[in-house]
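Quick notes on the structure that follows.
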Amino acid sequence: MKRYRNLVLTLIAIALVGVFVWWGDKPNNLDPLIWRILNLGAIYAIAAVGYTVINGIAGQFSLGPHGFMLLGGYMVALLMLPLKQKAVVWLFKGKELIWPFSSFTLPSWGFILALLAGGVLAALAALIVGIPALKALRGDYLAIATFGFGEILFVLACNLIPLTNGPMGIKGIPHITNLAWSFGALVVVTYAALRIKNSSYGRALRAIREDEIAAESMGINVFRLKMLAFIFSAFCAGVAGGLMGTLIGTVTPDTFKFFMTFYLLIIIVLGGLGSITGAVVTGFIFAGLFEALRVLDTATVEGMRMVFFAILLIGLMLFFRRGLFGEAEFSWDWLFRGSSKLGRK
């Protein structure tokens, strides 16, 4: 009985979110700032859900999601930027955009193909870096290797002018991302991550997190499962990067500096390492806080907002390691149990 009740409640909740998204995307219905925060919250949540799979569930300390977001952002920008705008961005002779991107652009209905291409490119990059890194490294060494990979991509984005336009970046990208795209992608990614966590594959990942040697002795293919988690995480980051580029209308190397990984670390720690729904909830909380605390940069010294988040991360690691959800996931049973306890009080 509970199972059918929970299914009905889930369908009702999805329908209500769908109606809100449809209403919110119509002009003048939502304040532009709130609309932007909701989109950014969904984008952060998409990347954080993938990051939770590799960092929270599999226990592999990766510091490279900003690099995968960069790849996704540039790929989507190159595929969706109109040909006339490409001619403007790559204006000087000898620095023209390379073929085949210089000869075509996808129509607006091809945005889903562009997002998939961004995710696949990031996944291929994860495969390339993951084969040597995940096979030989773990812990802090893995973190250093993945951080280095992200910084290599940043340097390449600054110097491959015929492909990225260097530090100037790509401007004039069509503003395609809206609540329908960002929330729709978030629902798909969250559903996939929850299925992974609750499957035998997810249980094997948690065993790897606790003790790789013991997991391998039980017949678990440790390297293969870590690679799959790493690839899934990179795909999510690539999709998030593509959505971000078409939300703000520009992609530059500075958009995807290491600060982006720092943001995601705060999100997954605050939500609870290993909690998919916790990452979703705190993705929106972080987006709201990030915008609300902009006053710190304007009223005090520039950069104080980042100081606040750095102190928040330190405090979380010292005093609140389990985060809001721990490893648990949101469920209707949990909600009803909480409300019944409040009623008894």
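Tabulated values for the structure
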read-out: Residue in the range 193-201 that is closer than 24 Å to Gly172 by Cβ and not hydroxyl-bearing (Ser, Thr, Tyr) present; value: no
read-out: Candidates Gly303, Gly274, Gly283, Gly278 - the one that is small (Gly, Ala, Ser), surrounded by fewer than 14 Cβ atoms within 10 Å (Cβ to Cβ) and either at pLDDT below 90 or not assigned by TED's automatic domain parsing to the domain that holds Leu70 (or both); value: Gly303
read-out: Verdict on Ala240 being surrounded by 15 or more Cβ atoms within 10 Å (Cβ to Cβ), assigned to a helix (DSSP H, G or I), within 24 Å of the chain's Cα centre (by Cα) and in contact (Cβ under 8 Å) with a residue 24 or more places away in the chain; value: yes
read-out: Residue match in the range 185-199 (condition: assigned by TED's automatic domain parsing to the domain that holds Leu116, charged (D, E, K, R) and touching a strand residue (DSSP E or B) at 6+ places or on another chain (Cβ under 9 Å)); value: no
read-out: Of all residues making up the range 1-54, the number that are surrounded by 12 or more Cβ atoms within 10 Å (Cβ to Cβ) and among the charged types (D, E, K, R); value: 3
read-out: Elements of type helices (runs of 4 or more DSSP H) contained in the range 113-231, each with 1 or more residues being among the polar types (S, T, N, Q) and out of contact with any helix residue (DSSP H, G or I) (no Cβ under 8 Å at 6 or more places or on another chain); value: 200-210, 212-217
read-out: Options Tyr4, Tyr51; residue that is in contact with a Pro (Cβ under 9 Å, 6 or more places away or on another chain) and not acidic (Asp, Glu); value: Tyr51
read-out: Output for the range 152-193, where each listed residue is more than 26 Å from Phe284 (Cα to Cα), among the β-branched types (Val, Ile, Thr) and surrounded by 15 or more Cβ atoms within 10 Å (Cβ to Cβ); value: Ile161, Thr164, Ile170
read-out: Matching option when the condition is assigned by TED's automatic domain parsing to the domain that holds Ile213 and either over 16 Å from Gly73 (Cβ atoms) or of a type in the set (Phe, Trp, Tyr) (or both), among Leu121, Leu134, Leu116; value: Leu134
read-out: Given (1) crowded, with 16+ Cβ neighbours inside 10 Å; (2) modelled with pLDDT under 80; (3) closer than 30 Å to Arg5 by Cα, number of the condition Leu316 does not satisfy; value: (3)
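The values are calculated or read from the model by the stated rules, or taken from the named source; none is laboratory data. All values reported here derive from a predicted model rather than from experimental measurement. All Cβ positions, glycine included, derive from the backbone under ideal geometry; neighbour counts span all protein chains shown.
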